[in-house]
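Below is one structure, written out as structure tokens, with a few remarks after it.
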Amino acid sequence: MGDSIGAAFVSFASGLALISLIAVFSKSIRAGFSDIFKAVLAKKFPAWRITAGMLGAIFVATSTYVVPLVGVALFTVASLAGQTAISLWIDHVGLIGSGETIITIRRVVAALITVGAVIISVWDRLSMSDFSIIGIILAIVAGGLVGIQRALNGQINSYSNQSFSTSFLNFISGTIFLTALLIIRLIFTDHSIINLTTGPWWIYLGGSIGVIYIAFTALIVQSLGVFEFTLFSICGMLIGSLLIDVFMPTQGTQISPYLIAGMSLAYLGVIANGQSPLSRR
């Protein structure tokens, strides 16, 4: 689309359309959505935390802006490094509300191994000609925002008790935020509000995948914690990359030995983290 905010809007608006349609026929989603606002009115948690979807919107908009600057490989490494680092801190301060987790040497080593695994997996696609300090910093910050969003969604889900209600709220707040940005841009610049005539039909599927992803995330981080979820999700991302290269390759794609090595190292990071009964207090 040649428009980072517009691309983010398409992702969120299409996801919102899907989850809204599901909510019409799902009493449990509507009930969970109502329970979130009852908790806010009862002052069980701050109202600003229900805007977690805005963080996801900022991430999507940032990624569509940064990827053309630094390439997919560098963006992936930098954003996942930001996610991993912030996840350690989130679990340490107990932002999810399920207790604090000590930052141990073991957890730091696991984080370094996992980030190293991502670097290795994209090694053949890294190019220093794409290197941009601003782009890298934006990618790291965007990754950090995703980690915070996961923690906030875990809190929201503890009140909704319905992960798709949490996802519904995320897509509402994210779409409102992006709509406001588009309107502000229209007022102060000569940029058209959005161009929906470009791109294939499948660009509207990203938001639908996001609905499922956010719902699962909100549920899983309550038991695993943000850091451990991040480690496992990185492993899943690498598996997904391999499956795409095998079953839906673009022209000239070859199965990279770096990707295979990175996958193996990523699981070593999960094993290195392990579970220590003394780590959570």
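The values are calculated or read from the model by the stated rules, or taken from the named source; none is laboratory data. The structure displayed is predicted, hence computed values, not measured ones. Here the Cβ is made from the backbone with ideal geometry for all residues, glycine too, and neighbour counts use every protein chain on show.
Things to note:
- Pick from segment 129-162, criterion of a type outside the set (S, T, N, Q) and in contact with an Asp or Glu (Cβ under 9 Å, 6 or more places away or on another chain), ranking: nearest to I29 (Cα to Cα): Y159
- Residue list for segment 120-135, restricted to those being at pLDDT below 85, surrounded by 15 or more Cβ atoms within 10 Å (Cβ to Cβ) and β-branched (V, I, T): V122
- Yes/no for V72 being surrounded by fewer than 23 Cβ atoms within 10 Å (Cβ to Cβ) and at pLDDT below 85: yes
- Matching entry among L169, L181 (being surrounded by fewer than 22 Cβ atoms within 10 Å (Cβ to Cβ) and touching a residue at least 60 places away in the same chain (Cβ under 8 Å)): L181
- Whether a residue is more than 25 Å from D3 (Cβ to Cβ), of a type outside the set (D, E) and under 15 Å from the mean Cα position of the chain (by Cα) was assessed, and A39 does not pass this test.
- Scanning segment 212-245 for residues that are crowded, with 18+ Cβ neighbours inside 10 Å and of a type in the set (D, E) yields a single hit, E228.
- Of the criteria (1) at pLDDT 85 or above; (2) of a type outside the set (G, A, S); (3) exposed (fewer than 12 other Cβ atoms within 10 Å of the Cβ), which one T198 fails: (1)
- Subset of segment 261-281 (residues that are modelled with pLDDT of 65 or more and not β-branched (V, I, T)): A261, G262, M263, S264, L265, A266, Y267, L268, G269, A272, N273, G274
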